[in-house]
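Working notes, beginning with the structure itself.
The values are calculated or read from the model by the stated rules, or taken from the named source; none is laboratory data. Note that the structure is a prediction, hence the values are computed from the model and not measured. Counting neighbours? That spans all protein chains shown, and the Cβs are built from the backbone with ideal geometry, glycine included.
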Amino acid sequence: MTIVCFVSGSGTNYERIVQRDPDHSYVVFTNRPDCEGVNKARANNHIAIELSHLPYLKAARDRYGSMSVPRNCPERVRFEQDVWRLIEDRSEKAPDLICLAGYDQWLTDWTV
């Protein structure tokens, strides 16, 4: 089974998942490069993928205003599409399970 864990911080939720089921294949994605969660993934020899959401957020804020970015705006969708391209490129197979393990971003309808 391949499990993709989305993390944004310390990775403690990801750690608990791995402790419970250590024999699965894991891919860890973060929108916050160099967060502790991806360091833990690397220490476990799991695939770690990083892509900052900040350039996408800046483009959305420039377009809609800093407090009015719609959840399903094109910039958010583009970010998620880029995330999934990276995951597909680095993974051996499609994920069987996706865990939002402390991930701090809203998902658009494109992912959901």
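Below are the figures for this structure:
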| item | result |
| --- | --- |
| Filter result for the condition that a residue is modelled with pLDDT of 95 or more, under 13 Å from the mean Cα position of the chain (by Cα) and closer than 20 Å to residue 13 by Cα, over 107, 51, 86 | 51 |
| Strands (runs of 3 or more DSSP E) lying entirely in the stretch 1-104 (those with 2 or more residues that are aromatic (Phe, Trp, Tyr)) | 25-30 |
| Where a residue in the stretch 56-74 is surrounded by 12 or more Cβ atoms within 10 Å (Cβ to Cβ) and its partner, wherever it lies, is in a loop (DSSP other than H, G, I, E, B) and of a type in the set (A, V, I, L, M, F, W, C), with Cβ under 7 Å and at least six apart | 60/69; 60/73; 61/69; 64/73 |
| Residues satisfying the stated conditions in the stretch 8-29, i.e. surrounded by 15 or more Cβ atoms within 10 Å (Cβ to Cβ) and either in contact (Cβ under 8 Å) with a residue 60 or more places away in the chain or among the hydrophobic types (A, V, I, L, M, F, W, C) (or both) | 8, 9, 11, 13, 14, 17, 18, 25, 27, 28, 29 |
